[in-house]
Each structure stands twice: as C-alpha cells, then as structure tokens.
Amino acid sequence: MKITRFETFVVPPRWLFLKVETDEGISGWGEPIVEGKAETVRAAVHEFADALIGKDPMCIEDLWQLMYRASFYRGGPVLMSAIAGIDQALWDIKGKFYRAPVHQLLGGACRDRMRVYSWIGGDRPSDVAKAIKEAAGHGFTAVKMNLTEELQYIDSFDKVDAAVERVATARQAVGKSFGIALDFHGRVHKPMAKVLVKELEPFHPMFIEEPVLPQNNEHLQELARHTSIPIATGERMFTRWDFKRVLADGCVDIVQPDLSHAGGITECKKIAAMAEAYDVALAPHCPLGPIALAASLQVDATAHNAFIQEQSLGIHYHEGSDLLDFLKDPSVFTYRDGYVDIPSGPGLGVEIDEDKVRKAAEIGHKWRNPVWRHADGSIAEW
C-alpha cells in the first residue's frame, strides 16, 4: 500500500481536517491544527506530504521519525501539530486495514469507558453557578472553567477575591463530590499564582491547569510547595523532550498533551508512558473537533494513568459548527453518567461525513484568539 494524496479542509469553527488517501482505497482522517494558525499548519502538512507520498502508510513509526528527525529544525507548535494530524490519519488507515480500533493495535484497552468533563463560563468566566448546574443536569460529573480574567504580574486583591468567589459559587452549586478544574490559562504570573493557589485550597479543585506559562515551568516546583492541589500542564508542550524536565522535577501531577499538537497518537502514547513511570496522571487536552477527540480516546483506552478527558461539546469557541456535526454517527460520543465509551469501530472509531466537511470547507474560517490589554495599554496574556 502506498500513500497517494493529502487533502486538507479548513472548517468552522476553528478546525483543520486532513484526509490521507492510499492506492488501495483506504483513507484516513486527522486533525492537524494550531488554533488561530490553520493556514500555517496547513502549509506544513503539505510540505511533509512531499516526503510521504509514495511511502507505505503502515510504517507509522518510521514515517514519524522521518517527519521529525529529517527536519533540521524540529519541534514547536506548527511542525508538531502537522505531524500530529498526519500521524492520526496513518493510524486511522492502519486500523481500517486490519478492521480494528487503534487501541487494539496499541496493545488493547485497559478500560471500557473514559470519564469526560465539560467547559463552563467562557473566556471571561461568568454565571458559573447556572452553567455548572446545567452540566450536572446533562450527566457530567466534572467541569473546567477559566479562573481569572487578565492579571498583571502584581495585581489587585479585588481580582483574587472575585476569582475565589466564582469558585466558591460553583462549589456551592454542586457540592463536594463534583469535579471542578480551574484553568489559569497561562494568564497568571508567578507572584499572583502563589497567592491564588493558597486561596483556592478550601474549595478542593480537581486540579489547577497551567498555573504559569510553560516557558516558566521552573516555577512549578515553588508552586507545588505552596499547595496540595494537583497541578496540571502540557497543552503547550509538544514533544516527550518538553515533558522530560517537569516529570524529572516531580512538580506536576497531571500531564495534558494534546493529540493534535504533541505529535499525535505515536508521541502521546510515549508521553503517557513516561508520565506513568513517574506516577503522574494523564488528562489529554482537547478543545477541538471529533477527530482529535477520537484519537485522544484511543490513547486513553491504553494508558492506565489516564483519568479524565477534555471534550468540546458546547464550548464557547464553537460558532457555526460543533463537535458532532461532521460525524455520520454522532452517537459514538454519547455521554452517560459522566463517561463516554471508547470508540470500537475500525481506525479512530469515527466515520467522518465527507460531504459535510467539503461544504463547510467552502465557508472556511479565519479564527483568531482575542487580544487583551491591561489598563495601562500593555498586552495581556489571553
């Protein structure tokens, strides 16, 4: 079997889909994307295609190494996201060839279903009590919410009090057993992060996410000494080498590689195994589309340390399309009691409605993340 064609589709709300075709009529789908840089990643995918067309798609490890190591400049969000989407598509092809879900090719599942969480509150968190009750009413047992708006390096305690009050309101609305994850989103610098983690402890968050920017991961050790709340990070870390330092330092409790950013199934399976060796949990990042979620669940199925999965149904970024719109059988992502079954169909376990993808690609998108500024006019972290 030989790879014959790469075709990419920019589809609303902010996604990029990839279809890889072969000379035996088996096609695979992937989701290579950096949110806000779809065309940049699209170009990288087609540059990689020059080296892959004519190759055997079954040789996934070799092709991954070809894309990664044959590039003198490697790593980073664009190249690793392009590799990730291609890798997903290759695993989809291989699973379809053997008529087996990807997790069977990775050694078989160690669980039948995966706990999932829902997003609430939007970019600037509000109405969290109502939103968390709605999530609970839909059967979710956990949510994630942005903790703060923009914060300066040293900022007002009014903002700290407002963030703490939101968390208190959410906790009061659903009780002690409900999972509440708090995303710092890299908006918080070390001085204020130390304040916040101390103030949040009484509300028993499930975890705090990206309490500092990944470029400042050396500060995680200090934060870990300030709190007993589990610390999660990883959505902006792209290879096992990026994760190596934080695991060796013992300062994270949960790693969150993104299956569409961190080299795909091949790399994220390795990151999961590294984390397990350090007794660290796995919770893949996935505010993206159905292909990325399917790929995430295939890895979750085989990773003993996977404990919860992000998913994007109803997330605030979705305008014009949602998670289930491009699936021929949306029931594959039916959530029950806060869990979703591991997809058991061949390949990634989802069947993409190609006609809908092509129609949506005619519309396309130019999604960009917001640009925030502080009161003094300086750029704020979004």
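Values for this structure:
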{"quantity": "Complete set of residues in the stretch 15-37 that are outside any strand (DSSP E or B) and either hydrophobic (A, V, I, L, M, F, W, C) or modelled with pLDDT under 95 (or both)", "calculated": "Ile26, Ile33, Val34"}
{"quantity": "Among residues of the stretch 224-250, those that are open to solvent by less than 10 Å² (accessible area, probe 1.4 Å), of a type outside the set (Ser, Thr, Tyr) and either at pLDDT below 95 or within 13 Å of the chain's Cα centre (by Cα) (or both), counted", "calculated": "3"}
{"quantity": "Residue, farthest from Asp92 (Cα to Cα), within the stretch 38-79, restricted to residues that are among the acidic types (Asp, Glu) and in a helix (DSSP H, G or I)", "calculated": "Glu39"}
{"quantity": "Residue list for the stretch 2-16, filter: buried (at least 22 other Cβ atoms within 10 Å of the Cβ) and over 18 Å from Leu327 (Cα atoms)", "calculated": "Ile3"}
{"quantity": "Cross-chain or 6+ apart pairs with Cβ under 8 Å, the stretch 37-51 first and at negative phi, then small (Gly, Ala, Ser) and open to solvent by 70 Å² or more (accessible area, probe 1.4 Å)", "calculated": "Ala51/Ala70"}
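Yes or no, residue by residue, for (1) assigned to a helix (DSSP H, G or I); (2) touching a residue at least 24 places away in the same chain (Cβ under 8 Å):
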site	(1), (2)
Val160	yes, yes
Ala163	yes, yes
Ala168	yes, yes
Ile180	no, yes
Val188	no, yes
Ala193	yes, yes
Val197	yes, yes
Pro202	yes, no
Pro205	no, yes
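The values are calculated or read from the model by the stated rules, or taken from the named source; none is laboratory data. The model shown is predicted, which means the values in this text are computed figures rather than measured ones. For neighbour counting, all protein chains shown are included, and Cβ atoms are generated from backbone atoms with ideal geometry for every residue, glycine included. Calculation scope for accessible area: heavy atoms of the full protein, side chains included, ligands and nucleic acids excluded. Shrake-Rupley method; radii C 1.70, N 1.55, O 1.52, S 1.80 Å.
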